[in-house]
Amino acid sequence: MNELFDAKESLSPAEREESLFQRLPTVIENAKTHSEHYGNIFADIDASKASHREGLGQFPITRKFNVPSQQQIKPPFGGLNSVAIGQMARVFQSPGPLYEAQTDESDFWRMGRAFHAAGFRSGDLVHNTLSYHFSPGGFIMDGGARACGCAVFPAGVGNTEAQIEAIKQLQPTGYTGTPSYLLTLLQKYQEQYGELTSFTKALVSGEAVTAEMQQAFIEKGIAVFQAYASAELGLIAYQVAGEQGLVIAEDIIVEIVDPEGIPVQLGEVGEVVVTSLDEKFPLIRYATGDLSAYIENDANSSYTNMRIKGWMGRADSAVKVKGLFVYPHQIQEVCRRHEIKGSLKIERDGFNDTITFCCEDNHISAEEIQATLQSVTKLKGNVLFVPNTADQPLINDLRN
């Protein structure tokens, strides 16, 4: 039986629902008063209706897809925030661009329970390879590891050779980041030192772990667990050893709905809609654009919350590459800046995603286009000059 992070994980479903929905009307009433966005869209709805799941379904959905443009019109947060920007702990920018707020310091994104379920404990050193720059990924994982009493090495993104040297010197027991980059580190470390790394456990996010990846991790002696999270919401669901699917995080309300916003049945695929209870930056019925499905709970598990199958693709036109979402409008922006027509081709090389911006030669250097592509998407890619891209979609995902 798994040791639990806190008592919330073993509450009865009825107790959990009561705890969350007792707080929600107050959060909504506060949002109606202090948030321009929610004050507008919830104006004609009594906050007390959100005292149960069926009542929450009467409130309008806010779609992540629309938030970047909304933030451009009403900077900095599109009116979603309930306090001024100077009252936040940190402010981040994710690709989109999408601006998010961290409103307090102590495991704000609630990632601690995911690390705990993955076996991280006090005394572990965690090698954190998510970015601490612009986007919140590094801080999200850092806070969760610290909540479990772990020490953290903030490796961040890139500079692989230096990371390999740090792993050799520091001998960290844990890794966090994307699964593909973990495989890169394992391969390069073994090539350089002729031995396995010190990693025995990993919490990965941002990409799906394929069966081939999982087999590679097993062969390297690493127990790898998945966390489903987003920059705005933090932890949404997490993996538990020996159990199917992902356990929904205990501090949020998750709905899976059809295109009309109606909850789907067990096993049916729908869009993940999340309600957080942060009064300073509330996200109420926030449609993530991700697809998933409810699955049966494990009757013998110590974890009593609902399960989802995990990330099953996108409901909108965005695609996920190396843990980041890329949107068609970003590719349009690259084209606009250089007055060219182009398409982003996404392929898989082994376990790694690659991106190539394909466009006609317009006497603009590949280096200039690469720099713009990285500035807009936060991803490094190649540039390929081709005769005609007119028939190609803005994003051409060839990984499947």
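Which of the residues belonging to the range 252-270 are open to solvent by less than 60 Å² (accessible area, probe 1.4 Å) and modelled with pLDDT under 95?
Val257, Asp258, Gly261, Val264, Gly267, Gly270
Out of all the residues in the range 202-216, is one or more assigned to a loop (DSSP other than H, G, I, E, B), more than 26 Å from Val254 (Cβ to Cβ), touching a residue at least 12 places away in the same chain (Cβ under 8 Å) and over 17 Å from the mean Cα position of the chain (by Cα)?
For the range 202-216, residues assigned to a loop (DSSP other than H, G, I, E, B), more than 26 Å from Val254 (Cβ to Cβ), touching a residue at least 12 places away in the same chain (Cβ under 8 Å) and over 17 Å from the mean Cα position of the chain (by Cα): absent.
Let's see how each residue does on (1) without any contact (Cβ under 8 Å) to a residue 40 or more places away in the chain; (2) crowded, with 18+ Cβ neighbours inside 10 Å:
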{"site": "Arg337", "(1), (2)": "yes, no"}
{"site": "Ile346", "(1), (2)": "no, yes"}
{"site": "Ile355", "(1), (2)": "yes, yes"}
{"site": "Cys358", "(1), (2)": "yes, yes"}
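I'm trying to understand the selection: among the residues of the range 262-287, which are free of Cβ contacts under 8 Å to residues at least 60 places away in the same chain and not in a strand (DSSP E or B)?
Residues satisfying the conditions are Val264, Gln265, Leu266, Gly267, Glu268, Ser276.
Which of the residues belonging to the range 11-51 are within 19 Å of Leu80 (Cβ to Cβ) and either touching a strand residue (DSSP E or B) at 6+ places or on another chain (Cβ under 9 Å) or hydrophobic (A, V, I, L, M, F, W, C) (or both)?
Within the range 11-51, Leu24, Val27, Ile28, Ala31, His37, Tyr38, Ile41, Phe42, Ala43, Ile45, Ala47, Ala50 meet the criteria.
Sort through Gln187, Gln192, Gln171 and tell me the only one that's in contact (Cβ under 8 Å) with a residue 40 or more places away in the chain, farther than 17 Å from Phe225 by Cβ and open to solvent by 70 Å² or more (accessible area, probe 1.4 Å).
Gln171
Of the conditions (1) open to solvent by less than 40 Å² (accessible area, probe 1.4 Å); (2) more than 27 Å from Phe325 (Cα to Cα), Ala43 clears all except one; give me its number.
(1)
Yes or no: Phe59 out of contact with any Gly (no Cβ under 8 Å at 6 or more places or on another chain) and either open to solvent by 50 Å² or more (accessible area, probe 1.4 Å) or in a helix (DSSP H, G or I) (or both)?
Working: out of contact with any Gly (no Cβ under 8 Å at 6 or more places or on another chain): yes; either open to solvent by 50 Å² or more (accessible area, probe 1.4 Å) or in a helix (DSSP H, G or I) (or both): no.
In short, no.
Can you name every residue in the range 116-167 that is more than 15 Å from the chain's Cα centre (by Cα), among the aliphatic types (A, V, I, L, M), in a loop (DSSP other than H, G, I, E, B) and modelled with pLDDT of 95 or more?
Scanning the range 116-167 gives Ala118, Ala155.
Asp290 fails exactly one of the following numbered conditions: (1) over 29 Å from Ile395 (Cα atoms); (2) assigned to a strand (DSSP E or B); (3) acidic (Asp, Glu). What is the number of that condition?
So the condition that Asp290 fails would be (1).
Condition (residue is touching a helix residue (DSSP H, G or I) at 6+ places or on another chain (Cβ under 6 Å), polar (S, T, N, Q) and closer than 19 Å to Phe351 by Cα) applied to the range 174-184: is it met by at least one residue?
The answer is yes; a qualifying residue exists.
Just to be sure, is Gly112 without any contact (Cβ under 8 Å) to a residue 60 or more places away in the chain, surrounded by 13 or more Cβ atoms within 10 Å (Cβ to Cβ) and more than 13 Å from Pro136 (Cβ to Cβ)? So that I can check it myself, show each step before the final result.
Values: without any contact (Cβ under 8 Å) to a residue 60 or more places away in the chain: no; surrounded by 13 or more Cβ atoms within 10 Å (Cβ to Cβ): yes; more than 13 Å from Pro136 (Cβ to Cβ): yes.
Criteria not met by Gly112.
Go through the range 85-108 and give me each residue that's farther than 15 Å from Pro282 by Cβ and assigned to a loop (DSSP other than H, G, I, E, B).
Ala89, Pro95, Gly96, Pro97, Glu105, Ser106, Asp107
Which of the residues belonging to the range 1-24 are touching a His at 6+ places or on another chain (Cβ under 6 Å) and open to solvent by less than 50 Å² (accessible area, probe 1.4 Å)?
Looking only at the range 1-24, we keep the residues that are touching a His at 6+ places or on another chain (Cβ under 6 Å), and these are 5, 21.
Hit for the range 1-24 is Phe21, nothing else.
How many residues are aromatic (Phe, Trp, Tyr) and open to solvent by 30 Å² or more (accessible area, probe 1.4 Å) when one looks only at the range 85-107?
1
Identify all residues within the range 65-84 that are open to solvent by 20 Å² or more (accessible area, probe 1.4 Å), touching a residue at least 40 places away in the same chain (Cβ under 8 Å) and either part of a helix (DSSP H, G or I) or in contact with a strand residue (DSSP E or B) (Cβ under 7 Å, 6 or more places away or on another chain) (or both); write none if there are none.
Those that are open to solvent by 20 Å² or more (accessible area, probe 1.4 Å), touching a residue at least 40 places away in the same chain (Cβ under 8 Å) and either part of a helix (DSSP H, G or I) or in contact with a strand residue (DSSP E or B) (Cβ under 7 Å, 6 or more places away or on another chain) (or both): Phe65, Asn81.
Among the residues of the range 380-395, is there at least one that is out of contact with any helix residue (DSSP H, G or I) (no Cβ under 9 Å at 6 or more places or on another chain), at positive phi and open to solvent by 60 Å² or more (accessible area, probe 1.4 Å)?
No; the residues of the range 380-395 include none that is out of contact with any helix residue (DSSP H, G or I) (no Cβ under 9 Å at 6 or more places or on another chain), at positive phi and open to solvent by 60 Å² or more (accessible area, probe 1.4 Å).
The values are calculated or read from the model by the stated rules, or taken from the named source; none is laboratory data. These figures come from a predicted structure and were not determined experimentally. All Cβ positions, glycine included, derive from the backbone under ideal geometry; neighbour counts span all protein chains shown. Side chains included, ligands, DNA and RNA excluded: accessible areas come from the protein's heavy atoms. Shrake-Rupley method; radii C 1.70, N 1.55, O 1.52, S 1.80 Å.
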